[in-house]
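What follows is a structure written as structure tokens; I'll ask about it next.
Computed from the coordinates by the stated procedures, all read-outs in this text should not be read as laboratory data. Here the structure is a predicted model, which means the values were calculated and not measured. When we count neighbours, we look across all protein chains shown, and the Cβ atoms used for this are built from the backbone with ideal geometry, even at glycine.
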Amino acid sequence: MISEGLFKELNSQTNYEFASAHLYLAMQAYCEAQDLPGFSNFFKVQVEEEKFHAMRFFNYINQMNGRVIITSINEPQNEFGSMLELFKETLKHEQEITQRIYNLMNIATEEREHATISFLKWFIDEQVEEETTVTNVIKRLERIGDDPAALYMLDQELAQRTFTPPTTV
Ligand code: FEO
């Protein structure tokens, strides 16, 4: 049985995932303003992913007979110094999400809440993937430096990214 405290933390994560979508929407807008449609597409996919994560928590809480409470979202960061800075902020944000998922897993483990442990495992794997994707772009951007042609090529590559939700939710 899920404790009140664990439900509270799951609800908090639901809202945090929506706030992540909000942050990535601001990042998408920044890329649009920089005339980089491929980078914009990268964050468009991020927005979809975060909304999907949020709804996964939303559905799980409901399935377990909890009550979801939607809270307000603060204004996200809208200005960045460069694409490199933008992606470093993204990595920082994803690392924060990973810590939050670990914290949830710690609570679920302490409470021997096996259904929630099983539910959270998907997110543990997902965070490894998320951090790797962002780290790879950071490495590319560090190599690109001030080369506009190389940045354009990366932009074209990122334009190919698509959001494919897993078949099992
Ligand atoms: Fe919901 Fe990007 O982790």
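If I ask for residues that are of a type in the set (Asp, Glu), closer than 15 Å to residue 1 by Cβ and in a helix (DSSP H, G or I), which ones from region 92-116 would you list?
Quick first cut of region 92-116, residues of a type in the set (Asp, Glu) only: 94, 96, 110-111, 113.
Of the ones still in play, those that are also closer than 15 Å to residue 1 by Cβ are 110-111, 113.
Selection gives 110 alone.
Given the conditions (1) within 12 Å of the ligand (Cβ to nearest atom); (2) of a type in the set (A, V, I, L, M); (3) within 20 Å of residue 63 (Cβ to Cβ), which single one is not true for residue 115?
In the conditions (1) within 12 Å of the ligand (Cβ to nearest atom); (2) of a type in the set (A, V, I, L, M); (3) within 20 Å of residue 63 (Cβ to Cβ), residue 115 misses (1) alone.
I've got another one for you. Go through region 97-112 and give me each residue that's in contact with a Ser or Thr (Cβ under 9 Å, 6 or more places away or on another chain) and either of a type in the set (A, V, I, L, M, F, W, C) or within 11 Å of the ligand (Cβ to nearest atom) (or both).
97, 100, 104, 105, 107, 108
So which residues in region 29-62 are more than 30 Å from residue 115 (Cβ to Cβ), in a helix (DSSP H, G or I) and away from the ligand (no atom under 14 Å from the Cβ)?
29, 30, 31, 32, 33, 37, 38, 39, 40, 41
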